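What follows is calculated from the coordinates using simple rules that are stated; it is not laboratory data. Since we're looking at a predicted model, the values are computed, not measured. In this analysis, Cβ positions are derived from the backbone assuming ideal geometry, glycine residues included, and neighbour counts consider all displayed protein chains.
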Amino acid sequence: MSGPARGDAAAAPSRGAPLWLTWIVIGGAGLLYAYAVWNAIAHLVSFLSSGLTVVGWVALLFGVVFPIIVFALALAVGRRRDVGALALLLLTGLGVVAVFWLSLLGYSVLNMDDLVDVSL
């Protein structure tokens with residue numbers, strides 16, 4: 001006997017989680033990443049009335065783009081993995097976005113003179 005018979009259930013390839021579960025994980029994570037983008041846009045708009053320097057524009061616009069980049073990267077890395085690994089990748093990326101967001105908030109509060117054009 002070299003292997004299981006063709007009709008044997010053990011020989012059938014194991015199926016992963018249902019596709020709808022994968023889409024729920026991606027959608028839920030997408031909402032959390034969208035919330036991070038929304039907060040970054042609100043933070044950028046709050047500084048617009050003061051007038052931004054070039055450093056301010058670069059820093060605050062990167063704060064808007066960074067969650068999108070991390071989400072796309074996590075999806076690219078996790079697209080061929082099972083749902084659990086994909087969820088962990090998306091959660092790890094969300095943690096990186098949160099650390100970056102707190103760093104950006106701290107930078108914008110402590111270095112407001114670098115971000116805002118005070119000559120206006």
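Remarks
- Degrees, to the nearest 10: 54-78 long Cα axis against longest axis of the chain: 0
- Per-residue ellipticity at 222 nm from helix content only, as computed over the chain with -39500 (n - 2.57) for each DSSP H run of at least four residues, stands at -25500 deg cm²/dmol.
- With each label modelled as a point 7 angstrom along the Cα→C-beta vector, the residue 88-residue 19 pair spans 2.6 nm.
- Among (1) 6.7; (2) 10.2; (3) 9.7, the entry derived from the coordinates for mean projected area of the Cα convex hull in nm²: (3)
- Using a Förster distance of 22 Å, the FRET efficiency for residue 112-residue 62 (Cβ separation, nearest 0.05): 0.80
- Axis angle, to the nearest 10 degrees, between helix 83-110 and the longest C-alpha principal axis of the chain: 10 degrees.
- Helix 19-48 axis, angle to the chain major axis (alpha carbon atoms, nearest 10°): 10
- Across the chain, Cα pairs under 8 Å and at least six residues apart give a relative contact order of 34 percent.
- Remark: the residue 31-residue 80 segment gains 15.5 nm on full extension, using 0.36 nm per residue and subtracting the alpha carbon distance.
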